[in-house]
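Report on the structure given below.
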Amino acid sequence: NYDMHGKRLAEELLKEGIVLDGAEAEAMIQDVIDADTPEVRDRQRRVRATVMQDRCLTNTWGRLIDFTYERLDDVTFRSAYAWQPQSEVPDLMFQWGLLPLRLAIQQERWPARIANMAYDSLLVSVAPTHVWSIFDFLRRALDRSRTYGGVALTLPCEWKLSRAMWCECAACVGRGMAWKRPPTREAIEAAVAKLR
């Protein structure tokens, strides 16, 4: 999607123990795109034309990236291909996650604090008695569709609960729970009881 070339793919595959030279990797990329996803090249052409004509791109939230002073070369175009989809995630997390949750914490007087917002995550410190309230609020706020290119998509969320989310040691990480889909109230309450 972001116009990776064979040399880079070969380097990435080597990290996983798969050995290909750059030409073989390039042939794989071409085969996949030409056979399975020709729309990728159409999108790249549209993005490239927009950058050349307007010298900027805008995502669905209205955020703009300016290429006025950039050299119009492959590096810039690859950056442009990645920018739009990659910029959607933090904007969604900020607009539908952080801002509404901050307001809800104030209005509801929940014993909770937003500790950090990273690119695609929110870290919230919350009293055990109100964990479900925070989870349920964020589930309703984030688990909804948004239209991208005329198609309604829902970005999946992963949910984690731990006593020590800041700590990455094996002892602390092992004490937490994680869900690929929004957990039920019963699952949250059971996890909170287990962590106490």
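Of all the options ILE105, ILE33, ILE114, the one that moves most in a Gaussian network model of the chain with Cα springs shorter than 10 angstrom is ILE33. Charge dipole (Cα centre; +1 on Lys/Arg Cβ, -1 on Asp/Glu Cβ; no other charges) of the chain amounts to roughly 1240 debye. Full extension of the segment from LYS194 to ILE65, taken as 0.36 nm per residue of separation minus the current Cα-Cα distance, would add 41.9 nm. If r is the Cβ-Cβ distance from ASP34 to ASP54 and R0 is 25 Å, what FRET efficiency results, to the nearest 0.05? Calculated value: 0.30. Per residue, the accessible area of segment 16-130 comes to 62 Å², computed with a 1.4 Å probe over protein heavy atoms only.
Of all accessible surface on segment 1-86 at a 1.4 Å probe, what whole percent is carbon and sulfur? Could the numbers behind the result be given before it?
Working: 3050 of 5790 Å².
For segment 1-86, the apolar C and S fraction of the accessible surface comes to 53 percent.
In the chain, one over the average inverse separation of all distinct C-alpha pairs is 20.1 Å, which is the Kirkwood hydrodynamic radius.
Pick out the long, greasy-scoring helices in the chain: whole DSSP H runs spanning 24 Å or more along their own axis by Cα, mean Kyte-Doolittle at least -1.0. Length and hydropathy pass: 74-92. When the charge dipole of the chain is built from unit charges on Cβ atoms (+1 for Lys and Arg, -1 for Asp and Glu) and taken about the Cα centre, the candidate among PRO128, TYR148, LEU14 whose Cα reaches farthest toward its positive end is PRO128. Extension gain for ASP73-TYR148 works out to 24.3 nm (0.36 nm per residue, less the C-alpha to C-alpha distance).
Of the chain, which part is the longest with no chymotrypsin sites (Phe, Trp or Tyr not before Pro) in a loop (DSSP not H, G, I, E, B) and with at most 12 other C-beta atoms within 10 angstrom?
Working: sites that count: TYR69, TYR119, TRP166.
With a cap of 12 other Cβ atoms within 10 Å, the longest stretch comes to 1-68.
The values are calculated or read from the model by the stated rules, or taken from the named source; none is laboratory data. The structure displayed is predicted, hence computed values, not measured ones. Note that we place each Cβ from the backbone using ideal geometry, even for glycine, and neighbour counts take in every protein chain shown. With ligands, DNA and RNA removed, areas are computed over all heavy atoms of the protein, side chains included. Shrake-Rupley method; radii C 1.70, N 1.55, O 1.52, S 1.80 Å.
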